[in-house]
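The values are calculated or read from the model by the stated rules, or taken from the named source; none is laboratory data. Predicted model, so just to flag it, every value in this text is computed and none were measured. Note: ideal-geometry Cβ built from the backbone for every residue, glycine included; neighbour counts use all protein chains shown. Calculation scope for accessible area: heavy atoms of the full protein, side chains included, ligands and nucleic acids excluded. Shrake-Rupley method; radii C 1.70, N 1.55, O 1.52, S 1.80 Å.
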Amino acid sequence: MSKAKLKKALAALDKEELITMVTELYDARKEAKEYLEYWIDPDPAKELERIERLVSRQFVTPQGISRRSPSLPVINKYIKDFMTICFEAERVGELLIFVTEQMADWLETRYRRVSYRASLRKYLNEAALYIETNELGPLLGIRLDRLRERVEALEAYQNEIAPRRWSWRRH
């Protein structure tokens, strides 16, 4: 259905029918509920904190134990959902850096997971591009630079230990 068709259908409803339809949507879909709750009381800081908690649970259990592997599609969904609901570029930039930091933390504890290095680099590049595009350098530039150094150090460490650790498989 197109947006014009939706507007026409909504215009045909009276106030009570519209209220009924929105409350049914609120009950029927988790995403609609989250959106409407944010629409009623927009608090970007609180929403960022909620999403950060959800993201960190993908890397660490509630007991503080590092997970075997995070669900990257779930993390990407959290990022996308936040970007569609919050229009503050600095909050989105903070989230992108947070996700990259969480991935780096996780890789430091799970240093054998060399296969996730590409994902870490992807998240770092996305954060850097977003920060540059939205001119958030003065606000998030130092944090991004520290994160770049950390990722490079982590990659160097993994490049150093990977050949020794897995060399027996080559023979």
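Can you find even one residue in the range 74-90 that is part of a helix (DSSP H, G or I) and more than 25 Å from Leu140 (Cβ to Cβ)?
So far as the range 74-90 goes, no, none of its residues is part of a helix (DSSP H, G or I) and more than 25 Å from Leu140 (Cβ to Cβ).
Mind checking which pairs have a first residue in the range 28-50 that is in contact (Cβ under 8 Å) with a residue 12 or more places away in the chain and within 16 Å of Lys77 (Cα to Cα) and a second that is of a type in the set (Val, Ile, Thr) and open to solvent by less than 60 Å² (accessible area, probe 1.4 Å), Cβ under 9 Å, 6 or more apart or different chains?
As it stands, the answer is Glu34/Ile85; Tyr35/Ile85; Glu47/Ile85; Leu48/Val92, since those pairs meet every condition given.
Restricting the search to the range 83-109, which residues are in contact (Cβ under 8 Å) with a residue 24 or more places away in the chain and among the β-branched types (Val, Ile, Thr)?
Answer for the range 83-109, where residues must be in contact (Cβ under 8 Å) with a residue 24 or more places away in the chain and among the β-branched types (Val, Ile, Thr): Ile85, Val92, Ile97, Val99, Thr100, Thr109.
For the range 20-32, enumerate the residues that are assigned to a helix (DSSP H, G or I) and open to solvent by 90 Å² or more (accessible area, probe 1.4 Å).
Glu24, Asp27, Lys30, Glu31
How about the range 117-137: which of its residues are open to solvent by less than 50 Å² (accessible area, probe 1.4 Å) and either β-branched (Val, Ile, Thr) or in contact with a Phe, Trp or Tyr (Cβ under 8 Å, 6 or more places away or on another chain) (or both)?
Ile131, Leu136 - these are the residues of the range 117-137 that are open to solvent by less than 50 Å² (accessible area, probe 1.4 Å) and either β-branched (Val, Ile, Thr) or in contact with a Phe, Trp or Tyr (Cβ under 8 Å, 6 or more places away or on another chain) (or both).
In this structure, does Gln102 turn out to be assigned to a helix (DSSP H, G or I) and open to solvent by 20 Å² or more (accessible area, probe 1.4 Å)?
Here the answer is yes, as Gln102 does meet what is asked.
Residue by residue through the range 37-53, note down the ones that are part of a helix (DSSP H, G or I), of a type in the set (Asp, Glu) and closer than 24 Å to Val22 by Cα.
Hits for the range 37-53 are Glu37, Glu47.
Just one of (1) touching a strand residue (DSSP E or B) at 6+ places or on another chain (Cβ under 9 Å); (2) open to solvent by less than 30 Å² (accessible area, probe 1.4 Å) trips up Ile97, so point out which.
Checking Ile97 against (1) touching a strand residue (DSSP E or B) at 6+ places or on another chain (Cβ under 9 Å); (2) open to solvent by less than 30 Å² (accessible area, probe 1.4 Å), the one that fails is (1).
One residue is enough: does the range 54-69 have a residue meeting the conditions among the aliphatic types (A, V, I, L, M), assigned to a helix (DSSP H, G or I) and touching a Cys at 6+ places or on another chain (Cβ under 8 Å)?
Looking for residues that are among the aliphatic types (A, V, I, L, M), assigned to a helix (DSSP H, G or I) and touching a Cys at 6+ places or on another chain (Cβ under 8 Å), one finds none in the range 54-69, hence no.
Quick one: is Lys3 farther than 30 Å from Ile142 by Cβ and open to solvent by 40 Å² or more (accessible area, probe 1.4 Å)?
yes
Go through (1) outside any loop (DSSP other than H, G, I, E, B); (2) open to solvent by less than 80 Å² (accessible area, probe 1.4 Å) and name the single condition Glu17 misses.
Exception for Glu17: condition (2).
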